[in-house]
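The structure is given below, and queries will be raised subsequently.
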Amino acid sequence: MTISILFAFFFSFTTNNTIAKEIPEPQDSITVYIFLHESCIISQYYTLPLLELHTEYASEKIQFIGLFPNYSSKPEKIEAFKEKYKIPFELKTDYLKVETERFGATITPEVVVYNESNDKILYKGRIDDAYVRVGKRKRVTHTSELKDVLEAIVHNNSIAVSETKAIGCFINVRESIPKDLLNSETTNKD
């Protein structure tokens, strides 16, 4: 009888809801991938809004990574771009288009907000509606889709818009890549 009382006590103690509430839920890991090209005027234009979004939303939960998928974006050009526009987040090459193909990116700048924990794209498209088409920018921006998505993530709300059409410079998907780069194991590193 003593063993059954101990078992009942242990069972009721371990199933108590207050214990379960003390264990924190795992947080999602979110990455904002930004496809860029240093010579694209629209990529250059969006450096300030991206800097502001990074300042406001970057955290342990949300990180930003800039990707340069065109082989013409040499490391020294990327570094000069980073310095000129004071980019605070990591910039990488994606010459083999691994991330470009993974996310179906075709334009610079184009963003992909990705939940690394759930392996799910939360948003893909433009940063905001400042550009109507290449060479045609609005005087007033009416929507800021990337900001809205980040706000929804921070406040655990549902994301209203999951995809928009990015406007900018095309990613060169058919460029020739040197064979030594194709054989390199460190292709996606700076």
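The values are calculated or read from the model by the stated rules, or taken from the named source; none is laboratory data. Just so it is clear, the model here is predicted, and its values are computed rather than measured. Positions of Cβ are generated from backbone atoms using ideal geometry, with glycine treated the same way; all protein chains shown enter the neighbour counts.
Read through the list (1) out of contact with any Asp or Glu (no Cβ under 6 Å at 6 or more places or on another chain); (2) at pLDDT below 95; (3) loosely packed, with under 14 Cβ neighbours inside 10 Å, then give the number of the only condition that THR187 fails.
(3)
Then there's this: Step by step: first the residues of segment 114-143, then only those that are among the aromatic types (Phe, Trp, Tyr) and in contact with a helix residue (DSSP H, G or I) (Cβ under 7 Å, 6 or more places away or on another chain), then the one that is surrounded by the fewest Cβ atoms within 10 Å (Cβ to Cβ). Which residue is that? Before the answer, list the steps.
Initial filter on segment 114-143 (among the aromatic types (Phe, Trp, Tyr)): 114, 123, 131.
Now restrict to residues that are in contact with a helix residue (DSSP H, G or I) (Cβ under 7 Å, 6 or more places away or on another chain): 123, 131.
Numbers: TYR123: 23, TYR131: 21.
Within segment 114-143, the match that is surrounded by the fewest Cβ atoms within 10 Å (Cβ to Cβ) is TYR131.
Yes or no: ILE19 modelled with pLDDT under 85 and surrounded by fewer than 18 Cβ atoms within 10 Å (Cβ to Cβ)? Spell out how you get there, then give the answer.
Working: modelled with pLDDT under 85: yes; surrounded by fewer than 18 Cβ atoms within 10 Å (Cβ to Cβ): yes.
So ILE19 fits the description; yes.
Can you confirm whether segment 53-64 contains a residue that is in contact with a His (Cβ under 9 Å, 6 or more places away or on another chain) and either in a loop (DSSP other than H, G, I, E, B) or under 23 Å from PHE170 (Cβ atoms) (or both)?
yes
Further question: Return yes when ILE107 is touching a residue at least 24 places away in the same chain (Cβ under 8 Å), among the β-branched types (Val, Ile, Thr) and touching a Gly at 6+ places or on another chain (Cβ under 8 Å) and no when it is not.
When the stated conditions are applied, ILE107 passes them.
Another question about this same structure. Inside segment 76-104, can you point out the residues that are touching a residue at least 12 places away in the same chain (Cβ under 8 Å), exposed (fewer than 14 other Cβ atoms within 10 Å of the Cβ) and closer than 17 Å to THR31 by Cβ?
Correct list: PRO88, GLU90, VAL98, GLY104.
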